[in-house]
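Q: This is the structure I want to talk about, given as structure tokens.
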Amino acid sequence: MFNKRVKIKEMLAGDKANYEATVMGWVRTFRNNQFIALNDGSTNNNLQVVAELGKFDESILKRLTTGACIKAIGEVIPSLGKGQKVELKATSIEILGDSDAEKFPLQPKKHSLEFLREIAHLRFRTNTFGAIFRVRHTLAFAVHQFFNNKDFVYLHTPIITASDAEGAGEMFRVTTLPLDGKAPKNDDGSINFKEDFFGRSTNLTVSGQLEGELAAMAFSDIYTFGPTFRAENSNTARHLAEFWMIEPEVAFNDLEDNMNLAEEFIKYVIKYAMEHNKEDLEFLAQRLEEEEKSKPVIDRSEMGLIDKLNFVVDNDFERLTYTEAIEILKESNHNKKKKFQYLIEGWGVDLQSEHERYLVEKHFKKPVILTNYPKEIKSFYMRLNDDGKTVAAMDILAPGIGEIVGGSQREERYDKLIQRMEEMHVPADELSWYLDTRRFGACPHAGFGLGFERLVQFVTGMGNIRDVIPFPRYPKSAEF
Ligand code: 4AD
Ligand code: MG
């Protein structure tokens with residue numbers, strides 16, 4: 001059978017030798033007209049395929065170029081070379097796909113991440129991106145495993161919605177109406193969305209939370225894991241216009257239960273990746289160490305990647321209120337010496353990422369959970385605390401990343417929720433289905449959203465979020 005092949009990872013791990021096997025993969029390098037470094041994406045380690053001198057036609061040898069895809073059959077033998085247990089002594093080599101060495105953009109040398117982003121369709125074939133996307137896979141798998149072990153129901157929330165779950169107005173519109181001024185109009189000149197595909201104005205979801213809450217009011221414990229979209233014009237290393245979010249929603253949980261769940265979850269998935277992607281993480285740790293060397297000493301992190309991950313798994317996250325955090329920031333030397341771009345003058349201001357990073361990286365030097373934010377700077381659905389000023393919100397901040405989780409206990413009291421919606425100009429008539437959960441069997445409940453790419457960034461040590469999703473979408477870019 002054509003596809004009866006052994007994966008390179010399996011072959012290299014095996015202590016078995018002296019058997020015939022077929023391998024397929026892409027040529028990384030071809031040295032001395034004899035040694036092929038072959039990679040099939042199962043591991044960053046290449047298999048050495050030996051094309052013994054004189055045994056192969058010149059016409060085949062000259063097609064063994066970087067990037068070419070080949071099938072090789074031969075004997076797996078103990079390797080004399082350093083760094084590998086076995087190699088394949090080829091008896092037959094077939095070129096499955098040629099790659100013109102002159103034109104293939106990936107050369108066997110170091111390319112910048114910026115350059116590789118421009119050829120995202122080929123960057124999977126580098127060691128760095130091979131490692132990143134295998135880790136991403138493992139983390140995604142661990143997410144499902146964690147919730148499955150706890151008997152949560154995986155809920156698929158809609159991608160096209162008519163609501164703005166966050167009330168922040170950062171939505172991509174979904175429409176089939178013509179754009180060239182021929183869209184049907186109302187008498188007042190506004191666009192008549194009754195004529196649109198769904199008979200109303202719709203958009204891509206910014207969060208599956210509201211629908212998730214509906215299901216939690218039946219299954220008790222649910223989670224979503226899907227793409228979400230934000231049309232915010234943020235050109236940063238931590239924002240994407242399309243990102244994946246994990247959103248558990250749990251009936252009968254309060255804010256503290258919510259924090260416990262989030263902390264346990266983050267530790268679980270990191271640990272899982274450390275156990276199942278050891279080699280890739282070691283490679284990424286090495287990469288990061290090299291990258292750090294080019295930075296000024298004060299910007300370098302104190303811990304290597306593996307130490308940092310171990311530290312997060314082994315230590316409790318620091319928990320404090322927004323009010324306590326503001327005090328720390330206000331009194332900090334950083335603030336007094338005016339080193340923040342946005343100085344902290346008093347209670348009520350939203351925290352900028354510079355403040356979050358100060359708390360996490362300089363003050364506590366560990367992940368931090370901030371709770372009980374002023375109601376004005378958080379979403380309408382968060383539960384109002386007894387002080388009437390703060391809501392039962394929680395954000396988890398991670399070193400090098402800033403906010404990785406946003407969540408809250410939800411406002412389950414109908415009257416209070418309606419009042420908050422009015423204050424924040426959220427149209428109650430469009431969310432009557434959401435309000436129904438507060439009319440029929442409401443209960444205390446809580447949930448959070450974890451930005452999957454920020455998690456992958458944290459675990460892989462990559463500085464730019466555009467490098468941890470296969471095909472990033474951000475302002476002015478939707479290539480591939
Ligand atoms: O804090 P956010 O906006 O919270 C929600 O959407 C809630 N509905 C979640 C919930 O309670 N179920 O977003 C949650 C997380 C952030 O903490 C961040 O990690 C990530 O989603 N995130 C982004 N990641 C990449 N690019 C963006 N533009 C992001 N916006 C938010
Ligand atoms: Mg948030």
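Q: Just for the stretch 447-456: of the residues that are out of contact with any Gly (no Cβ under 7 Å at 6 or more places or on another chain) and within 16 Å of ligand 2 (Cβ to nearest atom), which one is nearest to residue 371 (Cα to Cα)?
A: Filtering the stretch 447-456 for residues out of contact with any Gly (no Cβ under 7 Å at 6 or more places or on another chain) gives 450-456.
Now drop any that are not within 16 Å of ligand 2 (Cβ to nearest atom), which leaves 450-455.
Values: 450: 16, 451: 18, 452: 21, 453: 23, 454: 20, 455: 20 Å.
Filtering the stretch 447-456 for residues that are out of contact with any Gly (no Cβ under 7 Å at 6 or more places or on another chain) and within 16 Å of ligand 2 (Cβ to nearest atom), the one nearest to residue 371 (Cα to Cα) comes out as 450.
Q: Where residues in the stretch 220-233 are part of a loop (DSSP other than H, G, I, E, B), within 13 Å of ligand 1 (Cβ to nearest atom) and not acidic (Asp, Glu), which of them is surrounded by the fewest Cβ atoms within 10 Å (Cβ to Cβ)?
A: Among those that are part of a loop (DSSP other than H, G, I, E, B), within 13 Å of ligand 1 (Cβ to nearest atom) and not acidic (Asp, Glu), it is 233.
Q: In the list 365, 308, which residue meets the criterion of being modelled with pLDDT of 95 or more, among the charged types (D, E, K, R) and in contact with a Pro (Cβ under 9 Å, 6 or more places away or on another chain)? Don't jump to the end; show me each part of the working.
A: On the way: 365 fails: modelled with pLDDT of 95 or more.
None of the others qualify; the one that does is 308.
Q: When residues of the stretch 95-126 are filtered for being of a type in the set (Gly, Ala, Ser), loosely packed, with under 13 Cβ neighbours inside 10 Å and assigned to a loop (DSSP other than H, G, I, E, B), how many remain?
A: Going through the stretch 95-126, the residues of a type in the set (Gly, Ala, Ser) turn out to be 97, 99, 101, 112, 120.
Applying the additional criterion that residues be loosely packed, with under 13 Cβ neighbours inside 10 Å yields 97, 112.
Next, only the ones that are assigned to a loop (DSSP other than H, G, I, E, B) stay: 112.
The qualifying residues number 1.
Q: Among the listed residues 480, 448, 452, which satisfies the condition of being within 16 Å of ligand 1 (Cβ to nearest atom) and either closer than 26 Å to residue 117 by Cβ or of a type in the set (Asp, Glu) (or both)? Please lay out each step first, then the result.
A: On the way: 480 fails: within 16 Å of ligand 1 (Cβ to nearest atom); 448 fails: either closer than 26 Å to residue 117 by Cβ or of a type in the set (Asp, Glu) (or both).
It is 452.
Q: Let me ask something else. I'd like the full set of residues that are open to solvent by 40 Å² or more (accessible area, probe 1.4 Å) and aromatic (Phe, Trp, Tyr), limited to the stretch 150-164.
A: 154
Q: Identify all residues within the stretch 394-418 that are within 9 Å of ligand 1 (Cβ to nearest atom) and over 20 Å from the mean Cα position of the chain (by Cα); write none if there are none.
A: Matches in the stretch 394-418: 408, 410.
Q: Report the residue count in the stretch 234-249 for those that are over 12 Å from the mean Cα position of the chain (by Cα) and either farther than 18 Å from residue 403 by Cβ or of a type in the set (Val, Ile, Thr) (or both).
A: From the stretch 234-249, those over 12 Å from the mean Cα position of the chain (by Cα) are 234-237, 241, 247-249; that's our starting set.
So of that shortlist, the ones also either farther than 18 Å from residue 403 by Cβ or of a type in the set (Val, Ile, Thr) (or both) come out as 236, 249.
Residues flagged as over 12 Å from the mean Cα position of the chain (by Cα) and either farther than 18 Å from residue 403 by Cβ or of a type in the set (Val, Ile, Thr) (or both) within the stretch 234-249 amount to 2.
Q: For the stretch 234-261, which residues satisfy the criterion of being within 12 Å of ligand 1 (Cβ to nearest atom) and either assigned to a strand (DSSP E or B) or small (Gly, Ala, Ser) (or both)?
A: 234, 237, 241, 242, 243, 244, 245, 246, 247, 248, 249, 250
Q: Only residues that are open to solvent by 40 Å² or more (accessible area, probe 1.4 Å), in contact (Cβ under 8 Å) with a residue 40 or more places away in the chain and of a type outside the set (Ser, Thr, Tyr): list them for the stretch 13-34, please.
A: Listed by number, the residues that qualify are 15, 16, 18, 20, 26, 28.
Q: Residue 33 passes all but one of (1) touching a strand residue (DSSP E or B) at 6+ places or on another chain (Cβ under 9 Å); (2) under 20 Å from residue 96 (Cα atoms); which number fails?
A: Failing condition for residue 33: (1).
Q: Return the residue satisfying two criteria in turn: it lies in the stretch 325-348 and is part of a loop (DSSP other than H, G, I, E, B) and under 17 Å from residue 402 (Cα atoms), and of such residues it is least open to solvent (accessible area, probe 1.4 Å). I'd like the intermediate steps shown before the answer.
A: Initially, the stretch 325-348 is screened for residues part of a loop (DSSP other than H, G, I, E, B), giving 332, 337-348.
Among the residues that remain, those that are also under 17 Å from residue 402 (Cα atoms) are: 340-342.
Values: 340: 12, 341: 150, 342: 117 Å².
So, considering only residues that are part of a loop (DSSP other than H, G, I, E, B) and under 17 Å from residue 402 (Cα atoms), the one least open to solvent (accessible area, probe 1.4 Å) is 340.
Q: Which members of the stretch 403-461 meet the condition of being under 21 Å from residue 269 (Cα atoms) and among the β-branched types (Val, Ile, Thr)?
A: Passing the criteria: 404, 405, 456, 459, 460.
So that you can scan it fast, the table gives a plain yes or no per residue for (1) out of contact with any Gly (no Cβ under 8 Å at 6 or more places or on another chain); (2) open to solvent by 20 Å² or more (accessible area, probe 1.4 Å):
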{"residue": "249", "(1), (2)": "no, no"}
{"residue": "252", "(1), (2)": "yes, yes"}
{"residue": "263", "(1), (2)": "yes, no"}
{"residue": "266", "(1), (2)": "yes, no"}
{"residue": "273", "(1), (2)": "yes, no"}
{"residue": "276", "(1), (2)": "yes, yes"}
{"residue": "279", "(1), (2)": "yes, yes"}
{"residue": "282", "(1), (2)": "yes, yes"}
{"residue": "293", "(1), (2)": "yes, yes"}
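Q: I'd like to know if the stretch 67-82 contains one or more residues that are under 34 Å from the mean Cα position of the chain (by Cα), assigned to a loop (DSSP other than H, G, I, E, B) and touching a residue at least 24 places away in the same chain (Cβ under 8 Å).
A: Yes, because at least one residue in the stretch 67-82 is under 34 Å from the mean Cα position of the chain (by Cα), assigned to a loop (DSSP other than H, G, I, E, B) and touching a residue at least 24 places away in the same chain (Cβ under 8 Å).
Q: What tally of residues in the stretch 165-219 results from selecting those that are open to solvent by less than 60 Å² (accessible area, probe 1.4 Å), assigned to a loop (DSSP other than H, G, I, E, B), modelled with pLDDT of 95 or more and within 16 Å of ligand 1 (Cβ to nearest atom)?
A: 4
Q: Just wondering, is there one or more residues in the stretch 127-148 that are part of a loop (DSSP other than H, G, I, E, B) and surrounded by fewer than 17 Cβ atoms within 10 Å (Cβ to Cβ)? I'd like the intermediate steps shown before the answer.
A: Filtering the stretch 127-148 down to residues part of a loop (DSSP other than H, G, I, E, B) leaves none.
Looking through the stretch 127-148, none of the residues is part of a loop (DSSP other than H, G, I, E, B) and surrounded by fewer than 17 Cβ atoms within 10 Å (Cβ to Cβ).
Q: Do the conditions hold for residue 321, that is, is it within 16 Å of ligand 2 (Cβ to nearest atom) and modelled with pLDDT of 95 or more?
A: Numbers: within 16 Å of ligand 2 (Cβ to nearest atom): no; modelled with pLDDT of 95 or more: yes.
The answer is no for residue 321.
The values are calculated or read from the model by the stated rules, or taken from the named source; none is laboratory data. These figures come from a predicted structure and were not determined experimentally. When we count neighbours, we look across all protein chains shown, and the Cβ atoms used for this are built from the backbone with ideal geometry, even at glycine. What goes into the accessible areas is simple: the full protein's heavy atoms, side chains included, and nothing from ligands, DNA or RNA. Shrake-Rupley method; radii C 1.70, N 1.55, O 1.52, S 1.80 Å.
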